[in-house]
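The values are calculated or read from the model by the stated rules, or taken from the named source; none is laboratory data. Computed from a predicted structure; not experimentally measured. Virtual Cβ from ideal backbone geometry, glycine too; neighbours counted across all protein chains shown.
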């Protein structure tokens, strides 16, 4: 419990808001697969989304169920508020296998909970909710009525709590330090990678009061001919004199 | 051309190998959506995969077609060998819109090229090939025979060229520096985030001969109670004395 970034009450309020919205849209069960949505509802943030995982939210169940890879269950136990029976890992023999898929086991979990004929919402355009995941699920749950939750959880997330705003302010202070480091480092002859190395260092070290974490994307750095490119990767070439640049 | 990390001949050989494998499996067209596969075939590595994009490979066309967001076309022009008519961007009005999807335009591109009734392979379990992407594509191309390429490109990638092995050796030298920095930094009382900040700095700065880039995942750091967790995120707490740790 001590590892939660927000109070139990705040997580309960988030879950309540998501369930209300589910009920409004006529969904009995929601499968959240967007990693940030799973994090929002449980605190789970281990780097495991490269294999299929989902959070199963039922309007009738008090707690959601974490479904993920066995080796990551230890993280789910430490960093979320979920009780042991709500942490349902699948074995490694299902990881990146051609002849089976973790969502076969997710379908079984749904069946075992009596939800196989319910109205089940999936995040159909979420990163990591692949076409194959959906096909396996639909085939394994022929009586379920699958629908698209679209950005249901994301819209709930948009209203920020005081604690969230507090973290955002901390993130703003880290971003200030990152930008200052970029300005300090940029000079003719300095390699682009050395500028970005300093920026990353500032991002992760944070401030003496609070540390930083990785971000959704790496820093984008567009000096010289790349000033018109929003998402270019830095190079290891030295910066030339008198060039435009677009650090962001 | 000067921005390519590999020779034009090497890219041509990669494309040839992928087309051969497509022909063997009975595919006329392949839609590569895995970012690393698009990079492998063209050199395109801008951080744009958070909106739908694809590389269209036809067994009959000399060059593949890059399909992506308009603002990223400038990167495609600079960092790939593709000619202008093979860079086909879609407008920003299709980005993250509820009422339309970029793959409607991808379907039109396929149609305009006379491929609407062909055997088209998709990477159905690739990250970023979402259920919605597939649904839009299938609905927009009712006469196409859609199939699963599975890991077709990934298996071609597994045979490494001398130049690739050269880059892998450089990456190995960067990884050595990262690990050395971790060993230097880890001590009782040092904050975890400061250890990882130093590791990141070493990763991006690389060596005096070549710089580093971002990696597929952030460093994982499991000291203390987290030694059993493979994908935990670091904290900003100081390290305690006499604890187990699993840096990887």
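Hey, can you tell me all the residues within the range B:178-193 that are surrounded by fewer than 17 Cβ atoms within 10 Å (Cβ to Cβ) and assigned to a helix (DSSP H, G or I)?
Correct list: B:179, B:180, B:183, B:184.
Among what's in the range A:134-159 and is part of a helix (DSSP H, G or I) and over 22 Å from residue A:42 (Cα atoms), pick the residue that is farthest from the other protein chains (Cβ to nearest Cβ).
So the residue we want is A:140.
Determine which member of the set B:40, B:81 is surrounded by fewer than 24 Cβ atoms within 10 Å (Cβ to Cβ), in contact (Cβ under 8 Å) with a residue 60 or more places away in the chain and under 15 Å from residue B:126 (Cβ atoms).
Of B:40, B:81, the one residue that is surrounded by fewer than 24 Cβ atoms within 10 Å (Cβ to Cβ), in contact (Cβ under 8 Å) with a residue 60 or more places away in the chain and under 15 Å from residue B:126 (Cβ atoms) is B:40.
Kindly list the number of the only condition in (1) assigned to a loop (DSSP other than H, G, I, E, B); (2) at the interface with chain A (Cβ under 7 Å from one of its Cβ atoms); (3) touching a strand residue (DSSP E or B) at 6+ places or on another chain (Cβ under 8 Å) that fails for residue B:196.
(1)
Select from the range A:219-237 the residues that are facing another protein chain (nearest Cβ under 8 Å) and under 22 Å from the mean Cα position of the chain (by Cα) and write down the one among them that is modelled with the highest pLDDT.
Ranking the qualifying residues of the range A:219-237, first place goes to A:231.
Among the numbered criteria (1) away from chain A (no Cβ under 11 Å); (2) surrounded by 14 or more Cβ atoms within 10 Å (Cβ to Cβ); (3) closer than 23 Å to residue A:75 by Cα, which single criterion is violated by residue B:240?
Of the numbered conditions (1) away from chain A (no Cβ under 11 Å); (2) surrounded by 14 or more Cβ atoms within 10 Å (Cβ to Cβ); (3) closer than 23 Å to residue A:75 by Cα, the odd one out for residue B:240 is (2).
Any idea how many residues of the range B:66-84 are assigned to a loop (DSSP other than H, G, I, E, B) and facing chain A (nearest Cβ under 10 Å)?
0
Identify, please: which residue in the range A:199-218 is assigned to a loop (DSSP other than H, G, I, E, B), within 7 Å of another protein chain (Cβ to nearest Cβ) and over 20 Å from the mean Cα position of the chain (by Cα) and is, among those, nearest to residue B:217 (Cα to Cα)?
A:206
Check off (1) within 22 Å of residue B:174 (Cα to Cα); (2) within 24 Å of the chain's Cα centre (by Cα); (3) more than 7 Å from chain B (Cβ to nearest Cβ) for residue A:171 and give me the number that stays unchecked.
Only one criterion in (1) within 22 Å of residue B:174 (Cα to Cα); (2) within 24 Å of the chain's Cα centre (by Cα); (3) more than 7 Å from chain B (Cβ to nearest Cβ) is unmet by residue A:171, namely (1).
Determine, yes or no, whether residue B:98 is out of contact with any strand residue (DSSP E or B) (no Cβ under 8 Å at 6 or more places or on another chain), closer than 15 Å to residue B:136 by Cβ and not in a helix (DSSP H, G or I).
yes
Scan the range B:115-132 for residues that are facing chain A (nearest Cβ under 7 Å), surrounded by fewer than 24 Cβ atoms within 10 Å (Cβ to Cβ) and not in a loop (DSSP other than H, G, I, E, B) and jot them down.
B:132
What is the one condition in (1) surrounded by fewer than 14 Cβ atoms within 10 Å (Cβ to Cβ); (2) touching a helix residue (DSSP H, G or I) at 6+ places or on another chain (Cβ under 8 Å); (3) away from every other protein chain (no Cβ under 14 Å) that residue A:162 does not satisfy?
Here residue A:162 meets the rest and fails (2).
Mind counting the residues in the range B:17-50 that are in contact with a strand residue (DSSP E or B) (Cβ under 7 Å, 6 or more places away or on another chain) and not in a helix (DSSP H, G or I)?
Residues flagged as in contact with a strand residue (DSSP E or B) (Cβ under 7 Å, 6 or more places away or on another chain) and not in a helix (DSSP H, G or I) within the range B:17-50 amount to 10.
Evaluate the range B:168-189: report whether one residue or more is closer than 27 Å to residue B:12 by Cα, out of contact with any helix residue (DSSP H, G or I) (no Cβ under 8 Å at 6 or more places or on another chain) and touching a residue at least 60 places away in the same chain (Cβ under 8 Å).
no
Please go through the range A:106-130 and give me each residue that is out of contact with any strand residue (DSSP E or B) (no Cβ under 7 Å at 6 or more places or on another chain) and free of Cβ contacts under 8 Å to residues at least 40 places away in the same chain, ordered by number.
A:107, A:108, A:111, A:112, A:114, A:116, A:117
Against the condition part of a loop (DSSP other than H, G, I, E, B) and either modelled with pLDDT of 95 or more or closer than 14 Å to residue B:153 by Cβ (or both), how does residue B:63 come out, does it pass?
When the stated conditions are applied, residue B:63 passes them.
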